[in-house]
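Report on the following structure.
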Amino acid sequence: QVQLVESGGGLVQAGGSLRLSCAASGGTVNTYTMGWFRQAPGKEREFVAALRWIGGSPDYADSVKGRFGISRDNAKNMLYLQISSLKPGDTALYYCAAKARATNTRGAYNYWGQGTQVTVSS
């Protein structure tokens, strides 16, 4: 069973940048498709970005394309999300998620972290 712990959130001004990190343990992480989701106050959790375990191009939500970059370091069991040109609308709790040997980057994920808060001030 995979355990996920996010870090790197914080308070940032609009236009600023942050790098979120997700530390994974308890499994062979390079066999997991891993992604980032976010949930803003009063809204449903939404997909942000993901990387398939077999490689290939990242998958991004339209709302973050060109501003967010997802990457992973399998040797360190880490997943990252570089977020830039932040807007107040990006304010949310950001979650790391994983699912084993999945080619579908959307849909249900089996494992979730507790989230890291990103707050963007205008």
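The values are calculated or read from the model by the stated rules, or taken from the named source; none is laboratory data. These numbers come from a predicted model, not from an experiment. All Cβ positions, glycine included, derive from the backbone under ideal geometry; neighbour counts span all protein chains shown. These accessible areas exclude ligands, DNA and RNA; they are computed on the full protein's heavy atoms, side chains included. Shrake-Rupley method; radii C 1.70, N 1.55, O 1.52, S 1.80 Å.
Results, tabulated for the structure shown:
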| quantity | calculated |
| --- | --- |
| Which of TRP36, ASN74, TYR95, positive extreme of dipole for the range 12-122 (C-beta unit charges) | ASN74 |
| Heavy-atom surface of the range 5-72, accessible at 1.4 Å and reported per residue (Å²) | 50 |
| Largest-first ellipsoid semi-axes for the range 10-122, taking √(5λ) over the Cα gyration tensor eigenvalues, angstrom | 23, 14, 13 |
| Assigned charges on the beta-carbon of Lys, Arg, Asp, Glu; the chain dipole about Cα centre (debye) | 160 |
| Candidate lysines for bridging to LYS76, where Cα separation is under 21 Å - those fewer than 8 sequence places away on the same chain excluded | LYS99 |
| Carbon plus sulfur fraction of accessible area for the chain, probe 1.4 Å, in percent | 46 |
| Fraction of antiparallel bridges per DSSP, the chain only, in percent to nearest 5 | 90 |
| Mean separation of Cα contacts under 8 Å (6+ apart) over length of the chain, as relative contact order % | 37 |
| Alpha-carbon centroids, the range 60-90 and the range 4-22: separation in whole Å | 10 |
